Structures are given as structure tokens and as C-alpha cells.
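What follows is one structure encoded as C-alpha cells, with my remarks underneath.
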Amino acid sequence: MSVPALKTPRNSFLPYGRQVIEDDDIAAVVEALKGDLLTTGPFVGRFEAALAKTVAASHAVVCANGTAALHMAARALNLGLGTTVVVPTVTFLATASAPHMNGAEIVFADVDPETGLMTPETLAAAIARAGKVDAVFNVHLNGQCGDLEGIADVARNAGARIVDDSCHAIGTAYVARDGSVSPVGSGAFTDLSVFSFHPVKTIAMGEGGAVTANDPDLAKRLVLARNHGMTRDPSDFANRDDAFDRDGAPNPWYYELTEPEFNWRANDIQCALGLSQIGKLGRFVARRRKIAALYDTLFASTAPLVRPMARTRPCLPAFHLYVARIDFERAGLSRAELMKALAAEGIGTQVHYYPVHRQPYYAKRFPTPTLPGADRYYSRALSLPLSAAMSGEDATRVAETLIRTVG
Ligand SMILES: Cc1ncc(COP(=O)(O)O)c(C=O)c1O
């Protein structure tokens, strides 16, 4: 399969993920830098409009990073003290830590041992353990969707709201049982969807994130959660004597505090980059799919030592990561030894993720029984280089080096 490179020096170190920044991205950032407002300037709204359109949501609220976006989602849904949130254990720390930092108790769900995704069954088991649930933070690990309708049924029957941690999945679409296709972020089966635009993700803002929503009240809560809980909407004002002038117009300096919140704003420089990058989403996703398909071909007959990444039920994935499943025991080398051997040949790899319930803090705070699906997924996972900057030659070199090293 011939896959020409977008832009990467040959034989250079291949990280497991990286951004693609082109001249027009740089020009967009320069334009923002020459503007009057470096904080909340015109690029913020423009990027929000482009993102909402891309994922077919009514509202997009951009912010400082994906962690901030998860925290804003927890604030908007009132997931504070006395509430319980279910989180799949194979994820980045922030999926659990953001709602927990807002006061919620976390209950960890097991995942499918092949895909690493939460299933309706593992969600139901976690809810049964918890006794009650207020929200489910579902993760589209690696850019793939699980059974979103099944998960939504279990969550709604338990009275829970649903947040999609879509930090891996900008550009992914879900194929429903009736054949309809909905982009991740459209809210077809969720209340809120959270994105990250960290440079290893499919599009980059440097640091950046967003929440998408369809409910205007939730969108308003998100905007407040992003900016100190300050409202300038006259219909919100309680101190009416202080808020309005003699002619009934709102005082131009006046704002009111609804509830204290943090400053989670994204600035105009980040949003100029995000806006430029989102125009390239289709091209970047297509390249990532080609590289993933090439890896699949190269690992088609290497089982049981190396298996290609497992696919999920109907879903049009925008791959954030390519996670090979490796039998380290059979290969007779540890994961660290393999990673070091690959690094010595200029190939970067990573592990996504050490199950969060095994982290010392969470193990002590929320003791969790053994989660065998997560343990099995974690024991075999190795993320190979994947980015829109890679060529077919790069992927072939990675696969051949890996196969040779595991023997
Ligand atoms: C699944 C998941 N959730 C949340 C985050 C947090 O995003 P950010 O790094 O933009 O804060 C990440 C980032 O790595 C992630 O992979």
C-alpha cells in the first residue's frame, strides 16, 4: 500500500503521536497575534462555530484544555458532593479526576479486554456495585466508539446523565442500530461531549479543549464555568439597583457572580490555530485511517505474538492511537525492554493506559474489585507511532522492527 508522507524528515525519531503544523497554521497564529485581543478575541467564536458545525452540535464552548472541559461538564451537570460518577478504568487520569475534583465519588467500570472500551454490561456491573449513579463519563478510547446506544439505555434506566470523553475522537462517527450515522459530539446519545486538542490528538491547539452541547441551558452553564461564573446577561441580575442606570439600561461595567468558577478560557492565539487545523480534519483523519489499515495488514499474520488493534462494532473511527496487542510473556521480553529496543531504533511507543483504579490514590479512596477486562487489555497494550505526518514507509519500518524484535 503506498501512502506518501505529508511532512516528516526520513529516518528521524518517530514519536507515538505528534502534530502536523503547516504554513497556513502559522499564518493564522500570526494574524491572531497582530489582533487587538489576545485573550477572548474573534477567533474564539469562529473556532466555536466551526467546531459546532463539524460535529453537528448546537453549541461548542472552547476552553483551556480537555481537563478543563471535563471539569466544566461536571460543573454544568452539578456533579458535586454527594454525587456518583462511573468512569471506565482504562482512560487518562483526568476523566476521573475532573469530576472528583468537583466533589463526585468515582466508581470505576471494567472494559472489554480487546478494545479497552466500556460496554453496557461492564457499566451495569459498576452501577450495581455503586448502588446509585448520577452520571457516566464514557470514553471513546483510541478514537473508537463502543455500543453507545446500549450504554445510553443502561445509563438512562439508572437515571444518569451521560458525558462523552471524546478527547481521542474528534472526527469519529457512530453508526447506530438503524444505520444512521452521527458524529461524536453531536449529542445523539449523550448530554455533553468533551474534546482535547493537545498536540498528539488529531488536531492541535497547543493546549486546548471544548465541550459540545445541544441544550441551551447546559451551554450557558458551560460558559459560566469557563469564566469565573460571571454573567453580563441583564435577565440574570439580582442586584437590580446596582445593575441598571436611571434609564433602565444595564450599567456598562456591571457583571454578577452566579457561583464561583475558575478561569478555563482558551485564548485567541490557540483558537486561531484550532480554526486553521479543523479545516484539515478530514485530511488528517484519512491519513490516520490509512496508516492504521497498513498496520492491520502488516500484523495480519503475526498472532499470537502481535495482534492488530481490535475494532469495535459499527463506527467510523478517527484513530487517535494505534494500540497493538502484544503477548510479552510468549515473546520472552518485558514491555519496557521492547519499548527501549524500539526507542534505540528511533521508534517511540507509549502505554495507554495504566488502569486508573490501580493508581494509589484511587485504590485507597475508592477500593475497587479486580477488573479482569482492564487488566488483560493493559497487559498487552502498546501504542505504536500514529500521526498524519507519517508515511507508509514509516509504518512499515515500525511494524518490521517490532516483529523482528519480538522474534
Ligand atoms: C481520554 C482523555 N481524557 C482527557 C484528557 C485531558 O485532555 P488535556 O490533556 O487536553 O487536558 C486526555 C488527554 O490526554 C485524554 O486522553
Next item on the list: Can you check what the net charge comes to around Ala310, using other residues whose Cβ is under 13 Å from the Cβ of Ala310 (Lys, Arg +1; Asp, Glu -1)?
Entry: +3
Checklist line | Kyte-Doolittle at least 0.0, axis length at least 24 Å by Cα - qualifying DSSP helices, the chain | finding: 281-298
Note to self: Below 8 Å, C-alpha to C-alpha, sequence gap of six or more: please give me the relative contact order for the chain in percent.
What the structure shows: 25 percent
Check: Rounded if a/c is under 1.5, else prolate if a/b beats b/c, else oblate: with a ≥ b ≥ c from the C-alpha gyration tensor eigenvalues square-rooted, which is the range 188-338?
Finding: prolate
Next item on the list: Could you run the Karplus curve 6.51 cos²θ - 1.76 cosθ + 1.60 with θ = phi - 60° over the range 176-184 and give me ³J(HN,Hα) per residue in whole Hz, x for Gly and Pro?
Entry: 7, 4, 8, x, 6, 10, 10, x, 4
Margin query: With a cut-off of 8 Å between alpha carbons and a minimum separation of six or more residues, what is the relative contact order of the range 265-340 in percent?
Written below: 26 percent
Note to self: Taking the Cα centre as origin and putting +1 on Lys and Arg beta-carbons and -1 on Asp and Glu beta-carbons, what dipole magnitude results for the range 143-264, to the nearest 20 debye?
What the structure shows: 300 debye
Note to self: List the Cys residues of the chain that have no partner Cys with a C-beta closer than 4.7 Å.
What the structure shows: Cys63, Cys167, Cys271
Item checked: Percent accessible area from carbon and sulfur atoms, the chain, protein chains only, probe 1.4 Å -> 55 percent
Next item on the list: Find how many whole Å separate the alpha carbon centroid of the range 251-276 from the alpha carbon centroid of the range 145-217.
Entry: 23 Å
Note to self: Using the basic label-point model (7 angstrom from Cα toward the beta carbon), what is the Ser12 to Asn78 distance in nanometres?
What the structure shows: 5.1 nm
Notebook entry, point to check: Residues with amide H under 5 Å of Tyr174's amide H, sequence separation 5 or more or different chain, H placed in the peptide plane at 1.01 Å from N; which?
Noted result: Ser182, Val184, Leu316
Note to self: Please compute the volume of the convex hull spanned by the alpha-carbon atoms of the chain and report it per residue in Å³.
What the structure shows: 147 Å³
Checklist line | Cα gyration tensor shape of the range 330-384, rounded if a/c is under 1.5, else prolate or oblate by comparing a/b with b/c | finding: prolate
Notebook entry, point to check: Assigning unit charges at the beta carbon (Lys, Arg +1; Asp, Glu -1) and nothing else, what dipole magnitude in debye, to the nearest 20, does the range 210-286 show about its Cα centre?
Noted result: 620 debye
Next item on the list: Hey, can you grab everything whose amide H is under 5 Å from the amide H of Arg161? Only 5+ residues off in sequence or another chain; H modelled, so Pro and N-termini drop out.
Entry: Ala135, Val136
Check: Once you put a point 7 Å from the Cα of Glu149 and another 7 Å from the Cα of Asp247, both along the Cβ direction, what distance in nm separates them?
Finding: 5.8 nm
Next item on the list: Starting from the Cα gyration tensor of the range 250-393, take the square roots of the eigenvalues, sort them a ≥ b ≥ c, and report rounded, prolate or oblate (rounded when a/c is under 1.5, otherwise prolate if a/b is larger than b/c, else oblate).
Entry: oblate
Note to self: Using the Cα centre of the range 185-265 as origin and beta-carbon charges of +1 (Lys, Arg) and -1 (Asp, Glu), tell me which of Gly206, Phe195, Val223 is placed farthest towards the positive end of the dipole.
What the structure shows: Gly206
Notebook entry, point to check: What spacing in nm lies between the two simple spin-label points modelled at Arg46 and Val175, each 7 Å away from Cα in the Cβ direction?
Noted result: 3.7 nm
Next item on the list: Sort the following peptides by mean Cβ neighbour count (other Cβ atoms within 10 Å, averaged over residues), highest first: 393-405, 102-114, 231-243.
Entry: 102-114, 393-405, 231-243
Next item on the list: Towards the positive end of the charge dipole of the chain, with charges on Cβ (+1 Lys, Arg; -1 Asp, Glu), say which of Leu257, Gly332, Leu321 has the farthest Cα.
Entry: Gly332
Notebook entry, point to check: In debye, nearest 20: dipole of the chain around its Cα centre with unit charges on the Cβ of K, R (+) and D, E (-)?
Noted result: 1260 debye
Next item on the list: Take the Cβ-Cβ distance between Tyr254 and Asp24 as r, set R0 to 30 Å, and report the resulting FRET efficiency rounded to the nearest 0.05.
Entry: 0.15
Check: Leu38 to Arg240: FRET efficiency via 1/(1 + (r/R0)^6), r the Cβ-Cβ distance, R0 30 Å, to the nearest 0.05?
Finding: 0.30
Notebook entry, point to check: So what are the ³J(HN,Hα) numbers for the range 239-246, from phi and the Karplus equation (6.51, -1.76, 1.60; θ = phi - 60°), rounded to whole Hz, Gly and Pro as x?
Noted result: 7, 5, 5, 7, 7, 10, 7, 4
Notebook entry, point to check: Once amide H atoms are built 1.01 Å from N in the peptide plane, which residues 5 or more positions from Glu261, or in another chain, come under 5 Å H to H?
Noted result: His228, Gly229
Item checked: With all protein chains modelled, accessible area of Arg177 [1.4 Å, Å²] -> 140 Å²
Notebook entry, point to check: By how many nm would the segment from Thr405 to Thr302 grow when fully extended, if each residue of separation counts as 0.36 nm and the alpha-carbon distance is taken off?
Noted result: 35.8 nm
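The values are calculated or read from the model by the stated rules, or taken from the named source; none is laboratory data. As the structure is a prediction and not an experimental result, all values here were calculated from the model. Using ideal geometry, Cβ is built from the backbone for each residue, glycine included, and neighbour counts are taken over all protein chains shown. Please note that ligands, DNA and RNA were not included when accessible areas were found on the heavy atoms of the full protein model with its side chains. Shrake-Rupley method; radii C 1.70, N 1.55, O 1.52, S 1.80 Å.
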